[in-house]
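J.: One structure coming up, written as structure tokens, with questions to follow.
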Amino acid sequence: MIKKSLFAVALSSLLFIKCNTNTDFLITKDQVGKLQRSNTIDELETVFATDSIVKDSVQTRIGSRTTKIDVFEKGGKQLLTLTPNTDSIPKVGIIRIHDPRFVTQEGVGLNSTFKDIKEKHTIKKISTALNNVVIFLKDSDAYFTIAKTELPSSLQYGNNTNIEAVQIPDAAKIKYLMVGWE
């Protein structure tokens, strides 16, 4: 009886660990879910074998070139948009995350707030654009975009304003989560 109980506890512990170490939606320095930094564009069909890939191409005089690649789950939910770099052996340069299940190792993702970013990551730089603020991290290739509409009204207009972390409300929601491998 005790052996069966111990076996059940051990088995459930292993299942719990296995479920919580799923890397299919983890963002690290060299990985975004199943995608590795070292993967070439030609390998995407293999990497996302259980998903659907849609390539958007441009025709040039030299030939066709893929400008963006959308990755969808078999059920139709969009996971990622990949933009290839222009190297002789094309790899993924920029990744836009669409699915909130993708999170950094620290647990920050699309459903997080600015407070989560600043508590769990070191901010390297904040850039101001016309309608958004982009937060670059020191410890990651991931970067976050927050809409200026999430900021106090005095900071929402004009792109010359240098916005600092203390000016961004803790509750500001993330608009985009991107990873740059270029």
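The values are calculated or read from the model by the stated rules, or taken from the named source; none is laboratory data. The structure presented is a predicted model; accordingly, all values stated were derived computationally and were not measured. Here the Cβ is made from the backbone with ideal geometry for all residues, glycine too, and neighbour counts use every protein chain on show.
To keep it simple, each residue is scored yes or no on (1) of a type in the set (Val, Ile, Thr); (2) over 20 Å from Lys29 (Cβ atoms); (3) more than 15 Å from the chain's Cα centre (by Cα).
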site	(1), (2), (3)
Lys74	no, yes, yes
Ile94	yes, no, no
Arg101	no, no, no
Asn111	no, yes, no
Ile117	yes, no, no
His121	no, no, no
Lys138	no, no, yes
Asp141	no, no, no
Ser153	no, yes, yes
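J.: Within the bounds of region 94-116, is there any residue that is in a strand (DSSP E or B) and surrounded by fewer than 18 Cβ atoms within 10 Å (Cβ to Cβ)?
T.: Within region 94-116, the first condition is being in a strand (DSSP E or B), and the residues that meet it are 94-97, 103-104, 109, 113.
Okay, now just the ones that are also surrounded by fewer than 18 Cβ atoms within 10 Å (Cβ to Cβ), so 94, 96.
Taking every residue of region 94-116 in turn, at least one turns out to be in a strand (DSSP E or B) and surrounded by fewer than 18 Cβ atoms within 10 Å (Cβ to Cβ).
J.: Take the residues in region 165-182 that are within 10 Å of Val133 (Cβ to Cβ) and part of a loop (DSSP other than H, G, I, E, B); name whichever of them is farthest from the chain's Cα centre (by Cα).
T.: Step by step, filter region 165-182, then rank; the result is Ile168.
J.: Looking at region 117-132, which of the residues that are modelled with pLDDT of 95 or more and part of a loop (DSSP other than H, G, I, E, B) is surrounded by the most Cβ atoms within 10 Å (Cβ to Cβ)?
T.: It comes out as His121.
J.: For region 137-145, state whether one or more residues are within 21 Å of Val32 (Cβ to Cβ), aliphatic (A, V, I, L, M) and in a helix (DSSP H, G or I).
T.: Step one: list which residues in region 137-145 are within 21 Å of Val32 (Cβ to Cβ), which gives 137-145.
Subset that is aliphatic (A, V, I, L, M): 137, 142.
If we keep only those that are in a helix (DSSP H, G or I) too, we end up with none.
No, there is no match, as no residue in region 137-145 is within 21 Å of Val32 (Cβ to Cβ), aliphatic (A, V, I, L, M) and in a helix (DSSP H, G or I).
J.: How many of the residues in region 12-34 are more than 14 Å from Ala142 (Cα to Cα) and modelled with pLDDT of 50 or more? Step through it out loud before you land on a result.
T.: Just the residues of region 12-34 that are more than 14 Å from Ala142 (Cα to Cα), to begin with: 12-24, 34.
Those still in the list that are modelled with pLDDT of 50 or more too: 22-24, 34.
Count: 4.
J.: Restricting region 71-87 to residues that are among the charged types (D, E, K, R) and in contact with a strand residue (DSSP E or B) (Cβ under 8 Å, 6 or more places away or on another chain), which is farthest from Ile97 (Cα to Cα)? Can you show your working first?
T.: Of region 71-87, the ones among the charged types (D, E, K, R) are 73-74, 77, 87.
With in contact with a strand residue (DSSP E or B) (Cβ under 8 Å, 6 or more places away or on another chain) added as a condition, the list becomes 73-74.
On the way: Glu73: 13, Lys74: 17 Å.
Applying the filter and picking the extreme gives Lys74.
J.: May I ask you to list the residues in region 70-90 that are assigned to a strand (DSSP E or B) and either of a type in the set (Phe, Trp, Tyr) or in contact with a Pro (Cβ under 7 Å, 6 or more places away or on another chain) (or both)? Spell out how you get there, then give the answer.
T.: Just the residues of region 70-90 that are assigned to a strand (DSSP E or B), to begin with: 70-72, 78-84.
Of everything in region 70-90, those that are assigned to a strand (DSSP E or B) and either of a type in the set (Phe, Trp, Tyr) or in contact with a Pro (Cβ under 7 Å, 6 or more places away or on another chain) (or both) turn out to be Phe72, Pro84.
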